[in-house]
Amino acid sequence: MIKKYIEIERDALSVLAENASEYEGIISLFEGCRGKIVFMGVGKSGHIGKKLAATFASLGIPSFFVHSTEAMHGDLGMIEPKDIAVLISNSGNTQEVVQNVAPLKGNGVTTVAFTSGKESKLAKECDYLICYPKLPEADELNLAPTVSSTVTLSLGDAIACELSSRKKFTRKDFYKFHPNGALGESLKNEK
């Protein structure tokens with residue numbers, strides 16, 4: 001039975017890969033960022049945002065995560081006009097995420113909707129859009145963020161890897177940001 005769910009998520013990634021060329025514009029936008037890439041979200045999208053911020057940072061792309069609800073209680077002050085805010089919501093209509101767009105734009109921050117909701121509030125209100133295919137979730141109820149979170153994570157990781165490659169980020173550079181743990185230890189002798 002478990003194989004079926006793994007295959008559903010695998011197949012979703014195949015659909016995503018077929019549309020990879022659609023994301024060239026957003027990669028160029030990120031490449032030109034003079035500040036940080038700031039990921040925002042709540043719930044499972046928030047967890048994905050935290051992981052993406054960590055991946056971007058470890059690959060030499062300045063990044064951090066701000067919880068969408070906390071942003072509206074003062075954490076917007078962490079985000080500067082030179083930054084790009086990536087607001088993650090599968091539906092694109094999550095109020096706790098959408099409510100951040102107007103204040104961010106009012107503070108001069110470039111906003112990017114990261115969603116499957118092409119016609120959603122988030123997609124319409126943000127400056128740019130990363131839209132991935134809307135596909136059924138893997139669970140029997142078609143409710144639990146499974147396929148959507150996997151696709152968001154995979155696409156975000158792919159964007160980070162492409163940006164890092166364009167920056168000619170090396171193993172030596174990686175070691176600067178990741179000197180500890182098994183990865184750091186494996187790179188220590190390459191310094």
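Miscellaneous remarks
- Among (1) more than 18 Å from residue 33 (Cα to Cα); (2) loosely packed, with under 15 Cβ neighbours inside 10 Å, the one test that residue 147 misses: (2)
- Of all residue pairs spaced 6 or more apart or on separate chains, those with beta-carbon atoms under 8 Å, a first member in the stretch 114-132 that is touching a residue at least 24 places away in the same chain (Cβ under 8 Å) and a second member that is β-branched (Val, Ile, Thr) and assigned to a loop (DSSP other than H, G, I, E, B) are 122/94.
- In the stretch 162-175, the residues that are surrounded by 14 or more Cβ atoms within 10 Å (Cβ to Cβ) and outside any loop (DSSP other than H, G, I, E, B): 162, 163, 164, 173, 174, 175
- Being of a type in the set (Ser, Thr, Tyr), at pLDDT 95 or above and under 30 Å from residue 74 (Cβ atoms) is a property that does not hold for residue 28.
- Verdict on residue 105 being under 30 Å from residue 175 (Cα atoms), basic (Lys, Arg) and at pLDDT 95 or above: no
- Single condition residue 90 does not satisfy, out of (1) within 30 Å of residue 174 (Cβ to Cβ); (2) not in a helix (DSSP H, G or I): (1)
- Hits in the stretch 162-178 (condition: within 24 Å of the chain's Cα centre (by Cα) and either of a type outside the set (Lys, Arg) or over 29 Å from residue 17 (Cβ atoms) (or both)): 162, 163, 164, 165, 169, 170, 173, 174, 175, 176, 177, 178
- Matching residues in the stretch 49-99 - criterion: being in contact (Cβ under 8 Å) with a residue 40 or more places away in the chain and within 25 Å of residue 143 (Cα to Cα): 51, 52, 86, 87, 88, 89, 90, 94, 96, 97
- One residue stands out among those in the stretch 52-87 that are hydroxyl-bearing (Ser, Thr, Tyr) and part of a helix (DSSP H, G or I): the one that is farthest from the chain's Cα centre (by Cα), which is 69.
The values are calculated or read from the model by the stated rules, or taken from the named source; none is laboratory data. From a predicted model like this one, the values you see are computed outputs, not experimental measurements. So basically every Cβ, Gly included, is an ideal-geometry build from the backbone, and we count neighbours across all protein chains shown.
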